[in-house]
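Each remark here refers to the structure printed beneath this line.
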Amino acid sequence: MGVKGRNCVSLWHNMASATSDTQKQVYNIREEETLTSRVALVVCVLVQRGLFIAGFSITKELLTIHYSGYGKNRPVWSLDFFEQSFASEPLLAVKEKVKGVFISSQRHIIVPDEIYEESSARNWLAAIHFVEHGDKVMIETLEHDKAHLMQAVPLNITELVRINFKKAAVAPLHTYQFAAKHAQSLQLQCCISSEQVTFTLHNYSQLLWHHVMDYVNADDIAYMVRLHCKENYIDPAKLNIACDTLTAAEYDVVRALSQYFPNLKCGNGLTIHNSWDPAICLANQLLECAL
């Protein structure tokens, strides 16, 4: 793992006040004043206390990533934050350019097709997680795994997305980890945000494990992976770990994880050379899911 590449511009701002704190990060593929004007395709990710936006050219070349987030002194899904971000973010000025909106939620379950019944979906989810009356239950078909992914998201967030991005595909963030068959044995995919990590473990085409958890540092993540391996008689050294992040800020976590798991690579299977590689990889995978 190395440092920032020569051909990109990375800006990382932390802004705080007595009443709120906001973190902003920007990645641009090159220094160019007209870069934003060249954006023709956009994907977004909504996570708790954060918004990830990636802009691409008409030929699907990633041009820029904008991330903004806020601290734990505000609610997990602050409607004001997302409303203001949707209204003020330059990459979202033309709503029709947004092709995909992905929402992350820890409140989810995966149900095999053999027992899945759409009419019972909400009850199944509520049996495991606290689902408020107004929550929206999102359901996504996982074709390769012959299952359905269900997750609960606050209704005001899904309605805000629907109002702003009428033509965009809307799906759980986790679905990109199920988008294709996995040729490698024991491939663990993980997507790391500032507060949470999503794990998906496949053994060839068989889904073995899917989990979303809060974390404080890389040790928390490594412990969970090793614990699952121990409980299921899996040698951690045989894991091929494909790691994505939302920003460059998670690079230190990825670097620390690589000390535990030497086979850790970027989500596309390539070596991680700089702090933005895992986020760039995530953006490209999400665009493929959205189109």
Looking only at the stretch 237-291, which residues are farther than 20 Å from LEU41 by Cα, touching a Cys at 6+ places or on another chain (Cβ under 6 Å) and of a type outside the set (A, V, I, L, M)? CYS243, ASP244, CYS266, GLY267, ASN268
Residues that are aliphatic (A, V, I, L, M), out of contact with any Leu (no Cβ under 7 Å at 6 or more places or on another chain) and modelled with pLDDT of 90 or more, drawn from the stretch 179-206: ILE192, VAL197
Matching residues in the stretch 129-159 (of a type in the set (Val, Ile, Thr) and either under 16 Å from the mean Cα position of the chain (by Cα) or over 17 Å from SER119 (Cβ atoms) (or both)) number 3
Looking at (1) free of Cβ contacts under 8 Å to residues at least 60 places away in the same chain; (2) surrounded by fewer than 18 Cβ atoms within 10 Å (Cβ to Cβ); (3) hydrophobic (A, V, I, L, M, F, W, C); (4) not in a helix (DSSP H, G or I), which is the one condition that is false for MET138? (2)
Given the criteria surrounded by 19 or more Cβ atoms within 10 Å (Cβ to Cβ) and polar (S, T, N, Q), does THR59 qualify? no
Residue check, SER194 assigned to a loop (DSSP other than H, G, I, E, B), within 18 Å of the chain's Cα centre (by Cα) and of a type outside the set (A, V, I, L, M): yes
Which ones in the stretch 241-291 are of a type in the set (Gly, Ala, Ser) and in contact with a Ser or Thr (Cβ under 8 Å, 6 or more places away or on another chain)? ALA248, ALA249, SER275, ALA279
Take the stretch 158-174 and flag every residue that is touching a residue at least 40 places away in the same chain (Cβ under 8 Å) and over 17 Å from SER88 (Cα atoms). THR158, LYS166, LYS167, ALA168, ALA169, VAL170, ALA171, PRO172, LEU173, HIS174
The lone condition TYR176 fails out of (1) at pLDDT 90 or above; (2) more than 18 Å from the chain's Cα centre (by Cα); (3) not aliphatic (A, V, I, L, M) is (2)
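The values are calculated or read from the model by the stated rules, or taken from the named source; none is laboratory data. This one's a predicted model, so the numbers in the text were calculated from it and none came from an experiment. Cβ atoms come from the backbone with ideal geometry, glycine included; neighbour counts cover every protein chain shown.
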